[in-house]
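J.: If you scroll down you'll find the structure; I have some questions about it.
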Amino acid sequence: MSVINTLGRRKTSVARVYLSEGSGKITVNKKDLNVYFKTPMLLEKVNQPFNITDNVGKYDVTVNVDGGGTNGQAEAIRLGISKALVEIDAEYKPALKAEGLMTRDPRMVERKKPGQKKARKKFQFSKR
């Protein structure tokens with residue numbers, strides 16, 4: 001098996017995931033996963049596809065991620081890993097899809113409109 005290259009996105013985060021056979025080492029932006037993501041919730045999100053498909057410790061993952069915040073980056077990585085696992089074996093797709101890991105979350109930040117304070121909030125109205 002050669003290196004499998006996939007892409008994961010969430011909000012403004014873009015994660016380029018490179019998956020290859022190995023010992024389960026995950027590297028994010030040339031740092032160890034535990035150094036890059038410090039909270040257990042984010043670590044669990046990144047490892048979720050491996051836990052669902054019983055592939056913990058079988059693949060090495062190298063990720064280049066940019067844009068967005070930590071949560072969006074973790075979810076972008078999760079989508080990229082899920083896509084790569086399905087590329088390896090199509091049998092994983094129903095299990096991952098049932099957990100909602102195969103769909104890109106389309107929700108984005110609504111743009112700010114002119115003449116308003118934020119996207120929906122208006123400036124205070126003064127009658128007199």
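Every read-out reported here was derived from the displayed coordinates using simple, explicitly stated rules and does not represent laboratory data. All of these numbers come straight from a predicted model, not from anything done at the bench. Neighbour counts run over all protein chains shown; Cβ positions are idealised from the backbone, glycine included.
J.: Could you tell me the relative contact order of the range 4-98? Use alpha-carbon pairs under 8 Å, at least six residues apart, and round to a whole percent. Write down the numbers at each step before the final one.
T.: On the way: 175 pairs, mean separation 40.0, N = 95.
Rounded, it is 42 percent for the range 4-98.
J.: Give me P(r) over the range 9-64, computed from all C-alpha to C-alpha distances, binned every 10 Å, as integer percentages.
T.: P(r) over the range 9-64, rounded to whole percents: 22, 59, 18, 0.
J.: Report the Cα centroid-to-centroid distance between the range 67-83 and the range 1-24 in angstrom, as an integer.
T.: Cα centroid of the range 67-83 versus Cα centroid of the range 1-24: 10 Å apart.
J.: Of the chymotrypsin sites (Phe, Trp or Tyr not before Pro) in the range 55-128, which ones lie in a loop per DSSP and count no more than 12 other C-beta atoms within 10 Å?
T.: Details: sites: Tyr59, Tyr92, Phe123, Phe125; in loops: Phe123, Phe125.
In loop regions of the range 55-128 (DSSP not H, G, I, E or B), the sparsely surrounded chymotrypsin sites (Phe, Trp or Tyr not before Pro) are Phe123, Phe125.
J.: Between Lys118 and Met41, what length comes free when the chain is fully extended (0.36 nm per residue of separation minus the Cα-Cα distance, one decimal in nm)? Spell out each step's value before the answer.
T.: On the way: separation 77, 0.36 × 77 = 27.72 nm, distance 3.01 nm.
Stretched out fully, the Lys118 to Met41 stretch lengthens by 24.7 nm.
J.: Taking the Cα atoms of the chain, what is the range of coordinates along each of the three principal axes, in descending order and whole Å?
T.: Each principal axis gives a Cα extent; for the chain these are 72, 31, 24 Å.
J.: Follow-up question, since we're still on this one. Find, among the GluC sites (Glu not before Pro) in the range 65-110, those assigned to loop by DSSP (not H, G, I, E, B) with at most 11 other beta-carbon atoms within 10 angstrom. Kindly include the intermediate steps, with their values, before the conclusion.
T.: Details: sites: Glu75, Glu87, Glu91, Glu99, Glu110; in loops: Glu99, Glu110.
Taking the range 65-110 and a limit of 11 other Cβ atoms within 10 Å, the loop GluC sites (Glu not before Pro) found are Glu110.
J.: With angles folded into 0 to 90 degrees, how steeply does helix 70-88 sit against the dominant principal axis of the chain? Use alpha carbons for both and round to 10.
T.: 40
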